[in-house]
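Taking it in order: structure first as structure tokens, then the write-up.
The values are calculated or read from the model by the stated rules, or taken from the named source; none is laboratory data. Note that this is a predicted model, so its numbers are computed, not measured. As a convention, Cβ positions derive from the backbone with ideal geometry for all residues, glycine included, and neighbour counts pool all protein chains shown. These area figures cover heavy atoms from the full protein model, side chains too; ligands, DNA and RNA do not enter into them. Shrake-Rupley method; radii C 1.70, N 1.55, O 1.52, S 1.80 Å.
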Amino acid sequence: MADDHIRYDILAQEALRGVMRKVLAEVARTGLPGNHHFFITFLTGAPGVRVSSRLRERYPEQMTIVIQFQYWDLKVTDTGFEVGLSFSDVPEKLEIPFSAVRGFYDPSVNFELEFDVKTDGAAADEPAAPTPEPLTIVSEKKPKAEKKAAAEAEKKPAAADAATKGAEVVSLDAFRKK
């Protein structure tokens, strides 16, 4: 295979992170339109991520946040975003560089971007230049799979799930008043 001196893989990831950046910047200016909301998964130990020690202890590897009803002070820059969220009724400010984001999902339109993010645990003999992993874009309807995953998430105890995976995804229905 020929050497890719242009690095199309890096250019494609930067362009798709730009989609996420543009969407979040628009939401910061005008609010969420219609039924749009976002699940954003990021590595908590990635360079530039700023979360409280309480959250880092609870989610040592990665966590998923939801930007929907209860968020505040969303600010977007060229390199990342910050947002206020509440965790167990404790307000927190999170600063997340776009380079730490592993996934961006808008379930209202079934649009998903998945990024493989390199961690700091790279071997010493690896090249210093970034070597992004393949990128996956998913934009297909899958409501049946989502319903099944949400039902399974509600059945599992949250503490056991967090202990085994390091992060927890909970169905929004669990928080809605019935």
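Normalised by the number of residues in the stretch 6-112, the average gap of Cα pairs under 8 Å and 6 or more apart makes the relative contact order 31 percent. R0 = 22 Å: FRET efficiency of Glu82 with Ala15, Cβ-based, nearest 0.05? Efficiency computed from Cβ-Cβ geometry: 0.45.
Modelled spin labels at Arg50 and Asp116, positioned 7 Å past Cα toward Cβ, are 3.1 nm from each other. Ligands, DNA and RNA excluded, the heavy atoms of Asp116 present near 60 Å² of accessible surface to a 1.4 Å solvent probe.
Rolling a 1.4 Å probe across the protein heavy atoms gives the stretch 6-112 an accessible surface of 53 Å² per residue. Residues whose amide H lies under 5 Å from that of Arg102, counting only those 5 or more places away or on a different chain, are Thr41, Phe42, Leu43; hydrogens are built 1.01 Å from N in the peptide plane. Ordering Phe87, Phe38, Val49 by the projection of their Cα atoms onto the charge dipole of the stretch 6-112, which places +1 on the Cβ of Lys and Arg and -1 on the Cβ of Asp and Glu, puts Val49 at the extreme positive end. Taking a point 7 Å out from the Cα of Lys93 in the direction of its Cβ, the residues of the stretch 33-75 whose backbone N falls within less than 13 Å of it are 50-52, 72-75.
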